[in-house]
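What follows is a short report on a single structure.
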Amino acid sequence: MMLLASGHHPVHHGFLSPTGVEIAFLLVAAVTFGAAVLTVTTKQLVHAALWLVVALGGIAVEYLLLTAEFIAWVQVLIYVGSVVVLLLFGLMLTKAPIGRSPDADSGNKWAALLVALAAAGSLLWVVVDAFRTTWINLDGPGQGSTKVSGSILFRHWVLPFEALSVLLLAALVGAIVMSRKSGDTSGAPGDAPRDKEQR
Amino acid sequence: MNDALDVALRLLVVFAVFLVLPLVIGQTEHKVMAHMQGRLGPMYAGGFHGWAQLVADGVKFAQKEDVVPADADRRVFQLAPAVALLPYLLVLVAIPVGPSEGAVGQVVDAGIFFVLAVMGVGVLGSLMAGWASANKFSLLGGLRTAAQLLAYELPMLLAAASVAMAAGTVSLPGILNAFEWWWLPWQIVGALVFFIAGLAELQRPPFDMPVADSEIIFGAYTEYTGLRFALFLLAEYAGIVVLCGLTTVLFLGGWHGPFGTDGLGWVWTLLKTALLAFVVIWLRVSYPRLREDQLQKLAWTTLIPLALAQIALTGIVKVAIS
């Protein structure tokens, strides 16, 4: 999605003489894409989680290159630091073997591929359609700095922000209710990432 | 060209600090623990009070064979120490030491988020080690590490958020520029929560359940030998430097002091950091290890409510004075 959004810039500003940032962007995008493909194709479960770290970290680097520093660090904090740790925690509780998992293949993979392609296509379409003429000036003061992000978020996007927080709160309450019903109170640590995103 | 030289010089200084300070803290720990327990500690290596003990240890580690267990996941196993150690080096780059422009490796706009995010990544090293060792003690250590991180990262973040609210910025030099002496009593609860949660994230005693040697040998690091094991140990001490430095910057006013702020600001920072490092060692000698359920209970029922209360207090005072 980001790949195409930036791929438009060289079209307007000379396709044959891309700047260093654009080249870096495309290279990181290639690495991210490769790691993402490996995440879903590797037969080793824990390796999939570790490739996911590379993919998510790559996206954070892309945010950095687009001057969205705040978003980049939050991406690392929430996804690499918490979601992947939770994933690994879950994997360690299972019997994930070292080496190939014989049952890592699913019969649903073609359906999953179809859904993934459809989702990627619609996202691409939305992003390209929305940001066709938007141009990020990488040289000026950071347009994705914490201050700018904060003022845009709380001036123009307060309603979606609040709606999202209500949604997350509902998910949090739901998690507590479900963990109580089964009579098992040891599920508390698992609620952490949701709780974190809620803040 | 001058800029490149400047950047290179800064990174070199940060790297030197990264190599020296953890060793200084390690040696201090040897000595402080020894004297608290009524003994002398290392006295021989290097002559004067065994100052070269850790250098000798490093030489010893470098000579040992680097063993990878036959059933281990080789690449993940070998990569894990680097993943554990490098994040602390990165964090060190962003910690400001003095008030001038030149006293920080690199000014990061969203500094608090940067340091907390990158510190969280370091734990992945322990998880990778725990899983890839193909050893049940390592696996248990990895599990405990993950559970501990999930429990303690939240109070740490909340406490840091309180300071960011007070200062109105998330940049570390910005927070120090806004610092006033009365922030100390105002943010004291947040400071305690941050420090305790940080200790737990570093797996220092009394929160060393993931490496509890009487139960699971040495947790995730059980199978490691030689230099790779030394790197994990170095990561622990680099973590102490980073945690104490961050607590100093966020809660104790960094370079601010009763006098001499202009010229000697960096001395104040180092002094406060050293004092906190002493407290870390002191706690190790004083308290027994917390059990796993006590660990979780402390985080979820004590630290998080305290951090939330601190945020509420910060908000109220902030509104009242503005």
For A:ALA72, indicate whether it is surrounded by 22 or more Cβ atoms within 10 Å (Cβ to Cβ) and within 12 Å of the chain's Cα centre (by Cα). yes
Quick check on this structure: which one of A:SER101, A:SER106 is in a loop (DSSP other than H, G, I, E, B) and either β-branched (Val, Ile, Thr) or in contact (Cβ under 8 Å) with a residue 24 or more places away in the chain (or both)? A:SER101
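Checking the conditions here, which among B:SER171, B:SER162, B:SER126, B:SER138 is in contact (Cβ under 8 Å) with a residue 24 or more places away in the chain and at the interface with another protein chain (Cβ under 9 Å from one of its Cβ atoms)?
Among B:SER171, B:SER162, B:SER126, B:SER138, only B:SER171 is in contact (Cβ under 8 Å) with a residue 24 or more places away in the chain and at the interface with another protein chain (Cβ under 9 Å from one of its Cβ atoms).
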Could you check, for the range A:85-98, whether at least one of its residues is away from chain B (no Cβ under 14 Å) and free of Cβ contacts under 8 Å to residues at least 24 places away in the same chain? no
Screening B:LEU116, B:LEU90 for residues that are within 9 Å of chain A (Cβ to nearest Cβ) and farther than 15 Å from B:PHE232 by Cβ leaves only B:LEU116
So for the range B:70-80 (the condition being assigned to a loop (DSSP other than H, G, I, E, B) and without any contact (Cβ under 8 Å) to a residue 60 or more places away in the chain), does at least one residue qualify? yes
Only one residue in A:ALA96, A:ALA36 is modelled with pLDDT under 75, in the same structural domain as A:LEU123 (by TED's automatic domain parsing) and closer than 24 Å to B:ALA129 by Cα, so which one is that? A:ALA96
Where a residue in the range B:231-254 is of a type in the set (Phe, Trp, Tyr) and its partner, wherever it lies, is modelled with pLDDT under 90 and not in a helix (DSSP H, G or I), with Cβ under 7 Å and at least six apart: B:PHE232/B:TYR224; B:PHE251/B:GLN187
From the list B:ALA274, B:ALA309, pick out the single residue that is out of contact with any Phe, Trp or Tyr (no Cβ under 9 Å at 6 or more places or on another chain), over 22 Å from B:SER162 (Cβ atoms) and surrounded by 13 or more Cβ atoms within 10 Å (Cβ to Cβ). B:ALA274
Mind checking which residues of the range B:22-44 are within 18 Å of B:TYR88 (Cβ to Cβ) and hydrophobic (A, V, I, L, M, F, W, C)? B:LEU23, B:VAL24, B:ILE25
Could you grab me the full set of residues in the range B:216-260 that are assigned to a helix (DSSP H, G or I), under 22 Å from B:VAL107 (Cα atoms) and of a type in the set (A, V, I, L, M)? B:ALA238, B:ILE240, B:VAL241, B:VAL242, B:LEU243, B:LEU246, B:VAL249, B:LEU250
Only one of (1) assigned to a loop (DSSP other than H, G, I, E, B); (2) away from chain A (no Cβ under 13 Å); (3) at pLDDT 80 or above does not apply to B:VAL59, and that is (1)
Can you name every one of the helices (runs of 4 or more DSSP H) wholly within the range B:91-193 that holds 1 or more residues which are under 29 Å from A:VAL61 (Cβ atoms)? B:111-132, B:136-167, B:172-178
Name the pairs whose Cβ atoms lie under 7 Å apart, with the first residue in the range B:3-32 and of a type outside the set (Lys, Arg), the second not in a helix (DSSP H, G or I), and 6 or more positions between them or separate chains? B:LEU11/B:GLY105; B:VAL14/B:GLY105; B:GLN27/B:TRP51; B:HIS30/B:GLY41; B:HIS30/B:PRO42
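The values are calculated or read from the model by the stated rules, or taken from the named source; none is laboratory data. Bear in mind the structure is a predicted one, so any value in this text is a computation, not a measurement. Here the Cβ is made from the backbone with ideal geometry for all residues, glycine too, and neighbour counts use every protein chain on show.
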